[in-house]
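All remarks here apply to the structure that follows.
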């Protein structure tokens, strides 16, 4: 059985999206800027996509700027807004647990003379609004906070943070990296004071190389790529029409129905089974919640409703971070791979180049678990059967691997 | 005027009656590497030289040929050479000057002209022709100087049926042509040393087969891919390599469970040697090759080497035995395996490495420890051999 539980790395492209990409590449291959009707056909795909995306965010179409994906969206959001609004100041606030596509730009900005404050997180990965409040200054130009942590699934209080920031400094720009949450947790940037929001296509079954940035109407932005003035001058380069058309299909499918219950059940079933194995712990979920799951047999509607209500403490429904004491993450990953179960390891297996996860360090994970942590991530197409199969394999493999540790 | 590449070969020159075997092997290898550059090359072997021309006299890209020849063992040096009809000395001088202008316009050298007269009925003697052409070159390049003892540039003229002339030559790899030294089995890991060891033995004309020990899930598919990539890089010099990928996990786990931990590595190495020797027998290889270097790690002390050596009957070639790490790294950079070797994909099997491995193992003790594997090892060994995947790398 193939059981792909690495959907936060990337997802399988939806069939409809893939067919559309194929059609655009082979039949409707015009350049949207061309004056003939091949060009117009292509332009129509972009228009439709912009409309679908805008609908999903309950915003205007002119707020959407298509990009090549999450990293570009984050870079454009951060550099583009700061460079266009230099008079706002040179202070930035972000968190210790951001994805590299936010963290690396921050490091670059430090080199360029910006002052960056990094918010700490609690043992479950959550920022402290009191700390945020204390850091906001008159010259704070940008605050960038992720919605869902890509490694442990923590949901950050974006709405409260955005409101707080704007209350204390109405000029500060608020950016949210929503790459892991888009399509899985509702977030309507325009309604809660988020000025910029990054999204990646391939995390939601769209083709790789697609994505967009939400930009609040009227916010001044500077492009990173100059040229023919596409995307309102913000992102030059012939539009990636096939990818954008594919993204449009994927967005429609993603937002057709609410997947909350389904994903929540997957996570509850998963946790319930794996914590039976000795040495296993789940990161980013409070102990009370784990106990509730343990105590509920089977996982029923009541539990699911409760978990959804307590999602702030349960974390995003599609990400589970698991530590297995004494087992090296990469060995576990490969052993699972042999059974057709795919997950990801937080840090690369290498003694000479330790790539320890910043997020796991930030939540103060026990040192001996840093290299023993793997992430399972689900998609809306993951089935309960797959989860049961994966758990069975995990519970089989971990004791076996635990027999062999370095002596 | 036509283009050709003139190739001078190295040690082959001193081999006695077997000389033609070496020359033929070199020609075959050159044909082989050129077949990857393109069709239509003709490789001939007149009078102690190898010539590369295009079959129909058409032009070819010398840079491509140069890249290919720089990976062939047995070449002393080679040069791009022009071949022209004998239309008298005036015509020759003009062509020669044009050739030098094209290659060296604006540069200044001390030089000499070296003539070789294979066709003895040519009207001028070698020295006379050299002197005459030297004058003409000086006329065209007034800033150049003649230096017959230590010139910066030697302009070669060879009088045969036609006349060849060339100047700039490129140093080859030397060594012996591929396939003249028999076959040997390389123990290839993903590290820096073993590809270099393979390269060095291939340079002595040895055909390589290789064996890699794969330990899933402790080593990943990427680690295996890395070894395949390394084998490809070595094969660019050595020619085709048959790579045996042995699934070694169960043997390792058995050793882990039953033998003392400080002896894990040494016992593991002994089984690797045994398996390598088995495959050597199957492939007709007459030696093993390892990348060991005295004292580099616990399993490479002189005592450990004795211990691993005693399990095989074939000679074990260790070309790096007296090399410092940096010397090995230098060669790996030169043959471009270094960047691949340092990719970090293989440390997952650290559980099989004791924190304090023995550095001075005694063979009797190791043998005694190995006897603890008696009930399981034959079966595991057989399975490892039977499930081996062989990949032909070219």
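Any read-out appearing in this document is the output of simple, stated calculations on the displayed coordinates, not a laboratory observation. Bear in mind the structure is a predicted one, so any value in this text is a computation, not a measurement. Cβ coordinates were reconstructed from backbone atoms using ideal geometry, including for glycine residues, and neighbour counts include every protein chain displayed.
A compact table of results
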| read-out | value |
| --- | --- |
| Using alpha-carbon coordinates, inclination of helix A:329-338 to the longest axis of chain A, degrees | 90 |
| Contour excess over end-to-end distance, with Cα ends at residue A:40 and residue A:261 and 0.36 nm allotted per residue | 75.5 nm |
| Residue B:36/residue A:1 FRET efficiency (R0 41 Å; Cβ-Cβ; nearest 0.05) | 0.45 |
| Gain on full stretching of the segment that runs from residue A:232 to residue A:171 - 0.36 nm per residue minus C-alpha separation | 19.6 nm |
| Approximate shape of chain B as ellipsoid semi-axes (Cα gyration tensor, √5λ), whole Å, largest first | 54, 19, 18 |
| 18 Å tail of the calculated P(r), segment A:258-402, as % of Cα pairs | 55 |
| Convex hull (Cα only) mean projected area of chain A, reported in nm² to one decimal | 20.7 |
| Cα centroid separation, segment B:18-83 to segment A:215-292 (Å) | 58 |
| Centroid-to-centroid separation of segment A:1-44 and segment A:128-162 [C-alpha atoms, Å] | 34 |
| Inter-label distance for residue A:100 and residue B:225, nm, one decimal - labels placed 7 Å from Cα along Cα-to-Cβ | 1.6 |
| Convex hull volume per residue for segment A:158-273, taking Cα atoms only, in Å³ | 131 |
| Folded to 0 to 90 degrees: helix A:15-26 orientation relative to chain A principal axis, Cα | 40 |
| Residue-averaged beta-carbon neighbours from other chains (10 angstrom radius) around A:329-335 | 5 |
| FRET efficiency, residue A:120 to residue A:286 (Cβ-Cβ, R0 25 Å, nearest 0.05) | 0.90 |
| Sorted peptide list for B:142-151, A:311-320, criterion being average Cβ within 10 angstrom, highest first | A:311-320, B:142-151 |
| Cα-only Debye scattering, segment B:183-393: base-10 log of I(q)/I(0) at q = 0.12, 0.14, 0.19 Å⁻¹ | -0.57, -0.80, -1.59 |
| Cα extents of the protein assembly as shown along the three principal axes, largest first (Å) | 105, 79, 49 |
| Chain B: angle of helix B:325-334 to the longest principal axis, Cα-based, in degrees nearest 10 | 50 |
| Tail fraction, Cα-Cα pairs, segment A:15-256, threshold 25 Å, whole percent | 40 |
| Nitroxide proxy distance, nm - points 7 Å out along Cα→Cβ at residue A:28 and residue B:314 | 6.2 |
| Spin-label model distance (nm) - residue B:131 vs residue A:368, 7 Å beyond Cα toward Cβ | 9.0 |
| Length added when fully stretched, residue B:98-residue B:306, from 0.36 nm per residue minus Cα-Cα | 68.5 nm |
| Of every Cα-Cα pair in segment B:200-304, the percent that sits beyond 17 Å | 61 |
| Global size of segment A:113-207 as Cα Rg and Dmax, reported in angstrom | 13.5, 41 |
| Partner chain coverage, peptide B:245-256 - average Cβ within 10 angstrom | 1 |
| Spherically averaged projected area of segment B:2-171 from its Cα convex hull (nm²) | 10.4 |
